[in-house]
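For reference, the structure discussed in these notes is given below.
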Amino acid sequence: RTCDQLRCTACDFRVSLFNDYIWDHSCDYLFFRNNMPELSKLRAKMIKKKGARAYACQCSWRSIDELTDLQTDQQLRWVCGKH
């Protein structure tokens, strides 16, 4: 279970999530900085993977394919944006 209202305190962007996708390993900071939140542009580096989820804001991104506690990742500045 995950919050669907995540917000990044570093770039002040809403964190987008994409079910059944992971990010290509060639993704970098500039790719997200230039393409968020345009889904049509982001698709260029999305790989279909059933059961996975791709997360991204304008400065950070993660591909998750197993149960993971995102709060333990010290590099992420994602917080619940309240419901």
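The values are calculated or read from the model by the stated rules, or taken from the named source; none is laboratory data. Since we're looking at a predicted model, the values are computed, not measured. Quick reminder, even Gly has a Cβ in these numbers, built from the backbone with ideal geometry, and neighbours come from all protein chains shown. For accessibility, only protein heavy atoms count, side chains too; no ligands or nucleic acids. Shrake-Rupley method; radii C 1.70, N 1.55, O 1.52, S 1.80 Å.
Open to solvent by 40 Å² or more (accessible area, probe 1.4 Å), acidic (Asp, Glu) and touching a residue at least 24 places away in the same chain (Cβ under 8 Å): does that describe Asp69?
So Asp69 does not fit the description; no.
Does Lys82 count as on the phi > 0 side of the Ramachandran plot and either open to solvent by less than 40 Å² (accessible area, probe 1.4 Å) or not aliphatic (A, V, I, L, M) (or both)?
Criteria met by Lys82.
Mind listing whichever residues of the stretch 1-16 are surrounded by fewer than 16 Cβ atoms within 10 Å (Cβ to Cβ) and either more than 13 Å from Pro37 (Cα to Cα) or at pLDDT 95 or above (or both)?
Listed by number, the residues that qualify are Arg1, Thr2, Cys3, Asp4, Gln5, Thr9, Ala10.
For the subset of the stretch 17-55 comprising residues that are surrounded by fewer than 18 Cβ atoms within 10 Å (Cβ to Cβ) and touching a Cys at 6+ places or on another chain (Cβ under 8 Å), which member is nearest to Gln74 (Cα to Cα)?
Of everything passing the filter in the stretch 17-55, Tyr29 is nearest to Gln74 (Cα to Cα).
What pairs can you find where one residue is in the stretch 35-57 and part of a helix (DSSP H, G or I), the other is of a type in the set (Ser, Thr, Tyr), and their Cβ atoms are less than 7 Å apart, with a gap of 6+ or different chains?
Lys45/Ser26
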